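*Asks:* Before we start, here is the structure in question, set down as structure tokens.
The values are calculated or read from the model by the stated rules, or taken from the named source; none is laboratory data. No experiment lies behind these values; they were computed from the predicted model shown. Positions of Cβ are generated from backbone atoms using ideal geometry, with glycine treated the same way; all protein chains shown enter the neighbour counts.
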Amino acid sequence: MLHIFFLLPVDEDDETTVKDISYVLYECKLCRDTFIVREDLENHLKHHSMENWPLFCAYCGYGDRTVARVAQHCQQMHGGN
């Protein structure tokens, strides 16, 4: 969990008066994406689960949910499919 603090002008014409705005950001430990809502992080984490990546590259084990993405990976990374 990250805490982010901002000082923003209360009045656009008077920048000497500011208000403190703070956010709590939930950070994915796997890819460093951040989310304001904890449930969004929890949904995001499901995409990192190996259960959601049923197709794998025979050369290196790269996983994805679609045949097209695994084939594209093989073509780009290994020169073939």
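*Asks:* With C31, C60 as the choices, which residue is among the hydrophobic types (A, V, I, L, M, F, W, C), out of contact with any Lys or Arg (no Cβ under 8 Å at 6 or more places or on another chain) and at pLDDT 80 or above?
*Replies:* C60
*Asks:* Moving to a separate point now. Filter segment 39-68 for residues that are in contact (Cβ under 8 Å) with a residue 12 or more places away in the chain, surrounded by 11 or more Cβ atoms within 10 Å (Cβ to Cβ) and assigned to a helix (DSSP H, G or I) and give the result.
*Replies:* Selection gives D40, L41, H44, L45, N52.
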